[in-house]
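Here is the structure we will look at, set down as structure tokens.
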Amino acid sequence: MESKDDPLHIRLGLSPEQLVAGLRTMITARETDDRLWLLSRQGRAHFVVTSAGHEASQLGCAWAIHIGHDYVIPYYRDMALVMALGQSPLDIMLHAMGRRDDPSSGGRQMFGHFSSRRLRIVSGSSSVGSHLVHAAGIALAFRATGERDIAVMGLFGEGATAEGAWHEGLTIAGIHQLPVVFVCENNQYAISVPQRHEVPVEDVATKATGYGMPGVVVDGNDVFAVYAAARQAMDRARAGEGPTLIECKTYRLRPHSNADDDRKYRSAEEIEAWRARDPILRFERYLIDHGLLGPEQLEAMRREVRAEVDAATDAAEAAPWPLPDSLTDHLYGSVSR
Amino acid sequence: MPVLTFLEAIRSALHDAMAADQRIIVLGEDVAVKGGVFLATDGLLARFGEHRVIDMPIAEAAIVGVAIGAAIHGLLPVAEIQFADYIYPAIDQILNEAARLRYRSNGDWSCPIVVRAPFGAGIHGALYHSQSVEALFTSTPGIKVVVPSTPADAKGLLITAIHDPDPVVFFEHKQLYRSVRGDVPDGMYREPIGKAAVRRSGDDLSVFSYGLMVHYALTAAEQLAADGIDAEVIDLRTLAPLDRHTILASVAKTGRALIVHEDTLTGGVGGEIAALIAEHAFEYLDAPVRRLGAPDVFAAPFADPLEAHFMLNPQKIAAAMRDLAAY
Ligand SMILES: Cc1ncc(C[n+]2csc(CCOP(=O)(O)OP(=O)(O)O)c2C)c(N)n1
Ligand SMILES: [Mg+2]
């Protein structure tokens, strides 16, 4: 039996293997992100939109998803999430380099538009906030089909919560008390615009009241806090008890994308302060403190991940491009002429 | 075969298709309890229940976006936009989401939705209840644009649209709802998307039109026939993809082409058809391609004389046809 004196992960029902695998995913995501920035500076990748700093928010959410059963509608920030759901560094590199075998889009979408029907990760556009109505629609479909014990998770930044379509998605989910978990990864900026100029309230989670659902604020850099909230919300959704809005307070540790210069709108001190709260360091410390991982094992893990990302980079660069003739493939399922 | 109004034919299509396939749901403003402001969905709630016939809040992006989500999970949703004039908030969902989902996922996902919208003037609907918005949708691939003009086509094309693997925007002319009747087959009757229909065969000139204007063009053609001018009238039925073959074959036969639409002239569908003919049937032409559309104002204004001046009618079409025949 669990008791309140047990370590947090035991109380949350997370096994040591899950924790170690989770840390590995976080480190892999960070390493892949770092590599993409390097590749972009070298002209070997056109575009990178960072996930650095968001890894705990995303891993905590991923742990709460029944992979391949629940639907996930991510946004461009969610590389660590989709890696936790099963996309490999090679999948990510093929996507970033626009190769034929990019599982997300076959080289059609720029980096950050993750998709996999097999994993029930739904393809999105770049149009911020436009995907939450799809989350509501999928969940509404469960009522028509009579499916229970299934949920949808939709993720977005705090900037997206100003969009009309975002509001419409939560409105529908609230009206019908649909099994949707809305996750806001609040990194306090929409590119350069600070939260006070994009969100009229202190906590995005307070918006939930207006949509007839609970709103929960969590420390987005604490993977356990995120998991506890996401798990409870997904369980509630699967049990038919309705939607939840979760706000993960976090920070992106790099500029918005390789096309951004964050020195214009954030101070070095602010970034340093958040670096000290790096969610990966925090999670590593937990594992070491609880004797679940030794410093040498951690070093070995880092080495292995680096080698894996090296191999993925090489394999993606050597992978075939889409054929020019495929430009017009998949415009239609069948042309009814 | 039962004789139905255009509106009854739409209702019959929804009813018969929903009875035959559990995956079909209907959603929109006032579609359930009220049965739609035009009663196009009347009776569906009682027959199919609230999980398949869904009253939506006034949120057009959600009406289409929820349909997209439901399609992602394998349903065949039919979304209703109460008036085409209010489709604008849903345009991001139609063009950026529905149209592109298959392409952007390299064929992994698809989006078999139908977006129905009543459109058109002549019912004193003024600037925001009478617009023709089809041209906003014909320049984006990935979606199909259908505009039926007869009760049989309303049913046959709607059933085909529902089962089409891609998104279809389906415009129904409000003035046709109760003004035209015709034979409509029972059950799962289908008409092909992408095929025009020759409504009147003739040798002297070709008129290409769709929606209410097909009826006006046919009336005009009868007036001309009294003077010995034999016009061919083609009902395009699908604006995307266009039935290039039927268009070009007709021009090859008659050598004269007039495109007639209720929508305003500039940037309308007529320009695309004129370009198609100029590119591919130039040698057959005995006269310049002509277009007849509404003046370039937003829609039919409210006051009777303004509305009448905005709208085409059989006389205006007959005059343009005579002019072209005499060239
Ligand atoms: C509808 C729309 N408008 C503008 C943009 C350009 N844009 C891309 S990301 C972004 C900021 C989004 O901020 P937020 O939602 O907080 O997410 P974050 O990037 O901070 O994770 C903007 C303005 C867009 N992609 N879509
Ligand atoms: Mg942000």
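Every number in this text was worked out from the coordinates using simple rules, so none of it is lab data. Given the structure is predicted, the values throughout are model-derived calculations rather than measurements. Cβ sites come from the backbone with ideal geometry, for glycine too, and all protein chains shown count toward neighbours.
Listing for the model above:
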item	result
FRET efficiency for A:GLU270 and B:ASP186, using Cβ-Cβ distance with R0 set to 56 Å, rounded to 0.05	0.20
FRET efficiency for A:GLN177 and A:ARG118, using Cβ-Cβ distance with R0 set to 45 Å, rounded to 0.05	0.95
Descending principal axes extents, the range B:3-183, alpha-carbon based, whole Å	44, 35, 30
Crossing angle, helix B:212-225 versus chain B [Cα axis fit, 0-90 degrees, rounded to tens]	20
Highest-MSF residue in chain A out of A:ALA21, A:ALA268, A:ALA239 [GNM, Cα springs under 10 Å]	A:ALA268
Karplus-derived HN-Hα couplings along the range A:201-214 (A = 6.51, B = -1.76, C = 1.60, θ = phi - 60°), whole Hz, x at Gly and Pro	10, 5, 10, 3, 4, 5, 4, 4, 3, x, 10, x, 9, x
Ranked packing of B:168-175, B:86-93, most packed first, by mean Cβ within 10 Å	B:168-175, B:86-93
Angle between chain B longest axis and helix B:269-280 axis [Cα atoms, degrees, rounded to 10]	60
Label-point gap, in nm, between A:GLU17 and B:ALA319 - each point 7 angstrom along Cα→Cβ	8.3
Whichever aspartates and glutamates have a C-alpha closer than 15 Å to that of B:LYS316, once near sequence neighbours (fewer than 8 apart) are set aside	B:GLU222, B:GLU262, B:ASP263, B:GLU307
Per-residue mean of C-beta atoms belonging to partner chains within 10 Å, peptide B:54-65	6
Cβ neighbours within 10 Å from other chains - mean over B:21-27	2
Kyte-Doolittle at least -0.5, axis length at least 27 Å by Cα - qualifying DSSP helices, chain A	A:16-41
Highest-first arrangement of B:210-218, A:135-143, where packing means the average Cβ count within 10 Å	A:135-143, B:210-218
Burial ranking of peptide ranges A:69-78, A:209-218 (average Cβ count within 10 Å, highest at the top)	A:69-78, A:209-218
Per-residue average of Cβ from other chains inside 10 Å of B:241-249	1
Taking B:VAL115, A:VAL49 and counting other C-beta atoms within 10 Å, the order from fewest to most	A:VAL49, B:VAL115
0 to 90° range, to nearest 10: angle between helix B:244-254 axis and chain B longest Cα axis	20
Residue order, fewest to most surrounding Cβ atoms within 10 angstrom, among B:GLU60, A:GLU185	B:GLU60, A:GLU185
Net charge dipole size for the protein assembly as shown [Lys, Arg +1 and Asp, Glu -1 on Cβ; Debye, nearest 20]	380
Above-threshold pairs, the threshold being 23 Å between Cα atoms, out of B:LYS144/B:LYS195; A:LYS4/A:LYS249; B:LYS34/B:LYS155	A:LYS4/A:LYS249
Point-to-point label distance, A:SER3-A:LEU38, nm (Cα→Cβ direction, 7 Å offset)	4.9
Calculated [θ] (222 nm, deg cm²/dmol) that DSSP helices of n ≥ 4 give over the protein assembly as shown, each run adding -39,500 (n - 2.57)	-11500 deg cm²/dmol
Considering only chain B, percent of DSSP beta bridges that pair antiparallel, nearest 5	20
Dimensionless Rg/Rh of chain B - Kirkwood Rh, Rg from C-alpha atoms	0.97
Long-range HN-HN contacts of B:ALA240 with modeled amide H, under 5 Å	B:VAL145
